[in-house]
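J.: Have a look at this one.
The values are calculated or read from the model by the stated rules, or taken from the named source; none is laboratory data. Only a predicted model underlies this, so the values are computations on that prediction, with no experimental measurement involved. Cβ atoms come from the backbone with ideal geometry, glycine included; neighbour counts cover every protein chain shown. The area values use the complete protein model at the heavy-atom level, side chains included, leaving out ligands, DNA and RNA. Shrake-Rupley method; radii C 1.70, N 1.55, O 1.52, S 1.80 Å.
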Amino acid sequence: MDQSVVRNKFKNEFGTEGYLYFSPGRVNLIGEHTDYNGGCVLPGAIDKGMLAEIKPNGKNTVSAYSIDLDDHAEFGLEEADAPTQSWARYIFGVCREMIKRGAKLEGFDTVFSGDVPLGAGLSSSAALESTYAFALNEIFNCGFDKKELVLIGQKTEHNYCGVNCGIMDQFASVFGKEGHLIRLDCSTMDYEYVPFNPQGYKVVLIDSVCKHELVDSPYNKRRQSCENAAAAIAKNHPEVKLLGDANIAMLEEVKDQISEEDYKRATYAIQENERLIATCEALKAGDYETVGKNIYETHKGMSELYEVSTPEIDYLNEVAKECGVTGSRIMGGGFGGCTINLVADDKYDAFIATVVEKYKGKFGLDAKVYPVKISNGSRRLA
Ligand code: ADP
Ligand code: MG
């Protein structure tokens, strides 16, 4: 990202120079709907994120300017001072969550800009929160560790932005590491870096630019199905609390006791958990063909068993297969968004051209293409 845009704007606005901080967006290679089933996720930070220049202003108000939205906000640091603009509430929320945890913050001037597409599933919001949580922690010597910064970002979404998110996005943004994905247990925050050096392959997201309206809380229904299956299994295997503790043989034992729908959902959840573990092994062995096969299997499971895909995304997946893409799947919770694709270098250009053209032909929509590299997490720039 071009730092000079932020630098120049800050200079124009405030006539001085501040500190520059960056935090990335993220992808998740595999492990979808696993968090509430007691399994892990496998995100990585990307080379797109939020860049902010910040300088304490000796007052007790914040003066913020969003370059991308061309909008100013001024707000104090008390609970009653919440700004009206939603983008500013992310910054305000971070300040409030830090203050609630004992931080002594003062006012600051800031300008920021990002290149994470908004609302595409790459977590521009986490990039924004992590940037300010990480920066303010350093600038005002708050002494929070990185896990606390993750929670500050998550609680910002819960308490100031009305988004009831987990911790994956903020964790990946803060803890990201070049050449590595993060195997993260969202319930305990235990994590392990898993090597990701796909030499000869690229990672690219194809945005379906299409979201389906959700009716009947489909996420809650799926959660309920998983709980039903886990409860049935627990009658035979009391050690099973969540589907992450179960295996397919255990599920087969109770097949007749649960609904067809619960059985399908549970099959996916158990398989996905096992697939994530197998994928980590394949990554450690540098076996990207197996990684790719698993990614396709996840798509099939999300489409046919968990039923959270869309016709648009299924089509993007189909075209990927036709183009010899190594792995492709719907990324995120479902019902729209992007596919994540692992593509051999020599197939890349043809894939991009074909998928954009065919998607336009079939749905009349311009798919967007976001190439990404797995990169470092929150940091101060020189
Ligand atoms: P995502 O999946 O990208 O996280 P969200 O809806 O959770 O999508 O967050 C998007 C919101 O974050 C935007 O509506 C805006 O308030 C804020 N945001 C993200 N990127 C920027 C940016 N570059 N400039 C200003 N605000 C941004
Ligand atoms: Mg978000």
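J.: Can you bin the range 201-371 into rounded, prolate or oblate? Criterion: square roots of the alpha carbon gyration tensor eigenvalues sorted a ≥ b ≥ c, rounded for a/c under 1.5, prolate for a/b above b/c, oblate for the rest.
T.: Oblate.
J.: How big is the gap, in Å, between the Cα center of the range 347-382 and the Cα center of the range 25-71?
T.: With the range 347-382 and the range 25-71 each reduced to a Cα centre, they are spaced 20 Å.
J.: Once Lys and Arg get +1 and Asp and Glu get -1 on their Cβ, which of Cys323, Asn8, Leu69 lies farthest toward the positive end of the dipole of the chain?
T.: It is Asn8, whose Cα lies furthest towards the positive end.
J.: Report the residue, chosen from Ser125, Ser86, Ser208, that carries the largest GNM mean-square fluctuation when the chain is represented by alpha-carbon nodes joined by springs under 10 Å.
T.: Of Ser125, Ser86, Ser208, the most mobile in the Gaussian network model is Ser86.
J.: Still on this model: Quick one: plug the Kirkwood hydrodynamic radius of the range 99-158 (C-alpha pairs) into Stokes-Einstein at 37 °C, 0.692 mPa s, and report D in µm²/s.
T.: The estimated diffusion coefficient comes to 264 µm²/s.
J.: Based on the Cβ-Cβ distance from Gln224 to Glu318, what FRET efficiency comes out when R0 is 30 Å, to the nearest 0.05? Please list the in-between numbers first.
T.: Values: r = 30 Å, r/R0 = 1.01.
Calculated value: 0.50.
J.: Right, next: What dipole magnitude, in Debye to the nearest 20, does the range 35-157 give about its Cα centre under +1 on Lys/Arg Cβ and -1 on Asp/Glu Cβ?
T.: The dipole magnitude comes to about 380 debye.
J.: What GluC sites (Glu not before Pro) in the range 50-143 are in a loop by DSSP, with at most 13 other Cβ atoms within 10 Å of the Cβ?
T.: Answer by residue number: Glu78.
J.: How about Lys264: which lysines have a C-alpha closer than 23 Å to its C-alpha, ignoring those fewer than 8 places off in the same chain?
T.: Hits, sequence-local ones excluded: Lys221, Lys235, Lys241, Lys255, Lys293, Lys300.
J.: Viscosity 0.890 mPa s, temperature 25 °C: give me the Stokes-Einstein translational D for the chain in µm²/s, with Rh taken as the Kirkwood radius over C-alpha pairs.
T.: Estimated diffusion coefficient is 113 µm²/s.
J.: Please calculate how many Å² of accessible area the chain carries per residue, with a 1.4 Å probe and no DNA, RNA or ligand atoms counted.
T.: Per residue, the chain has an accessible area of 42 Å².
J.: Using modelled amide H (1.01 Å from N, peptide plane; none on Pro or chain starts), what sits under 5 Å from the amide H of Leu381, excluding residues fewer than 5 places away?
T.: Those lying under 5 Å, H to H, from Leu381 are Leu20, Tyr21, Phe22.
J.: Percent of accessible area on the range 201-371 owned by carbon and sulfur, 1.4 Å probe? It would help to have the intermediate numbers written out before the result.
T.: Details: 3880 of 7810 Å².
That fraction is 50 percent.
J.: Say the dipole of the chain comes from +1 at the beta carbon of Lys and Arg and -1 at that of Asp and Glu; which of Gly31, Asn57, Leu42 then lies farthest toward its positive end?
T.: With unit charges placed on the Cβ atoms, the residue in question is Asn57.
J.: Could I ask something else about it? Taking θ = phi - 60°, what integer Hz values does the Karplus form 6.51 cos²θ - 1.76 cosθ + 1.60 yield along the range 346-353, in sequence order, with x for Gly and Pro?
T.: Karplus values, whole Hz, x for Gly and Pro: 6, 9, 4, 4, 5, 4, 4, 4.
J.: Another question, then. Of Ser187, Phe144, Ser130, which is farthest along the charge dipole of the chain in the positive direction, counting Lys and Arg as +1 and Asp and Glu as -1 at C-beta?
T.: Projecting each Cα onto the dipole axis, the largest value belongs to Phe144.
J.: Something else about it: Karplus couplings for the range 194-202 from phi (6.51 cos²θ - 1.76 cosθ + 1.60, θ = phi - 60°), rounded to Hz, Gly and Pro as x?
T.: 10, x, 9, 10, x, 5, x, 10, 10
J.: While we're looking at this one, here's another question. Which residues' amide hydrogens lie under 5 Å from the amide hydrogen of His180, considering only partners 5 or more residues apart or on another chain, with H built in the peptide plane?
T.: Phe196
J.: If one takes the longest principal axis of the Cα atoms in the chain, at what angle in degrees, from 0 to 90 and to the nearest 10, does the Cα axis of helix 146-160 lie?
T.: Taking Cα atoms only, the helix is inclined about 90 degrees.
J.: Using the Cα centre as the reference, give the magnitude of the dipole from point charges on the C-beta atoms of the chain (Lys, Arg: +1; Asp, Glu: -1; all else neutral), rounded to the nearest 20 debye.
T.: In debye, rounded to 20, the chain gives about 560.
J.: Using a cut-off of under 14 Å, list every residue of the range 95-123 whose amide N is near the label point 7 Å from the Cα of Glu74 along the Cα-to-beta-carbon line.
T.: 108-110, by backbone N distance to the label point.
J.: If you average the alpha carbon positions of the range 280-310 and of the range 155-220, how far apart do those two centres end up, in angstrom?
T.: The range 280-310 and the range 155-220 have Cα centres spaced 16 Å from each other.
J.: Select from Ser23, Ser124, Ser66 the residue whose mean-square fluctuation is largest in a Gaussian network model of the chain (Cα-Cα springs shorter than 10 Å).
T.: Ser66
J.: Then there's this: Leaving ligands and nucleic acids out of the surface, order Ile313, Ile139 by accessible area at 1.4 Å, largest first. Please list the in-between numbers first.
T.: Values: Ile313 0, Ile139 30 Å².
In descending accessible area the options line up as Ile139, Ile313.
J.: Follow-up. Quick one: grab the alpha carbon gyration tensor of the range 1-118, order the square roots of its eigenvalues as a ≥ b ≥ c, and give me rounded if a/c is under 1.5, else prolate or oblate depending on whether a/b is larger than b/c.
T.: oblate
J.: When only DSSP loop residues count, what trypsin sites (Lys or Arg not before Pro) in the range 340-376 have their Cβ near at most 16 other Cβ atoms within 10 Å?
T.: When the trypsin sites (Lys or Arg not before Pro) of the range 340-376 are filtered for loop state and at most 16 Cβ neighbours within 10 Å, Lys373 remain.
J.: Give me the angle, in degrees from 0 to 90, between the Cα long axis of helix 218-236 and the longest principal axis of the Cα atoms of the chain, rounded to the nearest 10.
T.: Helix 218-236 sits roughly 50 degrees off the main axis of the chain.
J.: Could you tell me the relative contact order of the range 291-351? Use alpha-carbon pairs under 8 Å, at least six residues apart, and round to a whole percent. Spell out each step's value before the answer.
T.: Working: 87 pairs, mean separation 20.1, N = 61.
Dividing the mean separation by the residue count of the range 291-351 yields 33 percent.
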